[in-house]
Amino acid sequence: MQHLVAPSLLAANFLRLEQDVLMVNDSHADLFHVDVMDGHFVPNISFGFSIIKQIKSIARKPLDVHLMISNPDQYLKAFKDAGADWLSVHYETCPHLHRSIQQIKELGMKAGVVINPHNNVELLQGILPHVDYVLLMSVNPGFGGQSFIESTYGRIRTLKEMKKQLNPDLLIEVDGGVDTLNAAKLVKKGADIIVAGSAVFQSANPLDTIKRLKYLT
Ligand code: DX5
Ligand code: ZN
């Protein structure tokens, strides 16, 4: 499978969000990555339902919504109603993860689990057969523009082995510090989806950067 590219709107210019969404529509990107932060699970606050609804009203690609919030179970339907097509919850925030994943699926969204850099991917063994994707954090969640954590490559390798045994259709998504320099290695190691925020929106030519992330050399 050709890997997917998901620009993270966290790094967009919110004073001209419409233009940035339209740029992604016109680009080689596959998904919009939408980061929701609550100032509780992570030390930052991003945006919520009203902004997501507005993005959804003009987006022509699915919204991949990454919840960095405590008690996500309370809000799963609200995110569906706001326009989420893919919804991921952190392993660290869900004491009843299997139920959370089932609910996301029952609401008609692709269901993902996210894991922080300090947690071993082996912890996901039990949930792996039930999720559509795993989002591997390659930075500590909460902020864009951080440096990629190198141990992510080994984590992808382990997860890829687990995937063979437990869920061959699983997609592996990598989020944080991804750019045109490390993307090829990530995909080679087994990443199916790469998220990129600052690498896209801080670049001189975001359309071209997305194209380079999609057609790696
Ligand atoms: C971090 C977010 C990321 C962030 C990535 O908590 O989950 O999606 O937007 O930003 P960059 O690509 O700048 O590291
Ligand atoms: Zn994210």
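Here is how the numbers come out for the structure above:
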{"quantity": "Identity of the residue in region 45-74, more than 16 Å from Phe14 (Cα to Cα) and in a loop (DSSP other than H, G, I, E, B), that ends up most open to solvent (accessible area, probe 1.4 Å)", "calculated": "Arg60"}
{"quantity": "In region 186-201, the residues that are within 16 Å of ligand 2 (Cβ to nearest atom) and touching a residue at least 24 places away in the same chain (Cβ under 8 Å)", "calculated": "Leu186, Ala191, Asp192, Ile193, Ile194, Val195, Ala196, Gly197, Ser198, Val200, Phe201"}
{"quantity": "Residue count for region 121-150, restricted to those that are part of a loop (DSSP other than H, G, I, E, B) and closer than 24 Å to Asn44 by Cα", "calculated": "13"}
{"quantity": "Positions within region 181-209 being within 13 Å of Pro7 (Cβ to Cβ), open to solvent by less than 50 Å² (accessible area, probe 1.4 Å) and either out of contact with any strand residue (DSSP E or B) (no Cβ under 6 Å at 6 or more places or on another chain) or small (Gly, Ala, Ser) (or both), in sequence order", "calculated": "Ala183, Ala196, Gly197, Ser198, Ala199, Phe201, Ser203, Pro206, Thr209"}
{"quantity": "Some residue of region 15-33 being open to solvent by less than 30 Å² (accessible area, probe 1.4 Å), free of Cβ contacts under 8 Å to residues at least 40 places away in the same chain and outside any helix (DSSP H, G or I)", "calculated": "yes"}
{"quantity": "Considering residues of region 151-180 that are near ligand 1 (Cβ under 10 Å from one of its atoms) and assigned to a loop (DSSP other than H, G, I, E, B) only, the residue most open to solvent (accessible area, probe 1.4 Å)", "calculated": "Asp179"}
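The values are calculated or read from the model by the stated rules, or taken from the named source; none is laboratory data. Fair warning: this is a prediction, and the values are worked out from it, not measured in the lab. Heads up, the Cβs are rebuilt from the backbone with ideal geometry, glycines too, and the neighbour counts pull from every protein chain shown. To get the accessible areas, we keep the full protein, side chains included, count just its heavy atoms, and leave off ligands, DNA and RNA. Shrake-Rupley method; radii C 1.70, N 1.55, O 1.52, S 1.80 Å.
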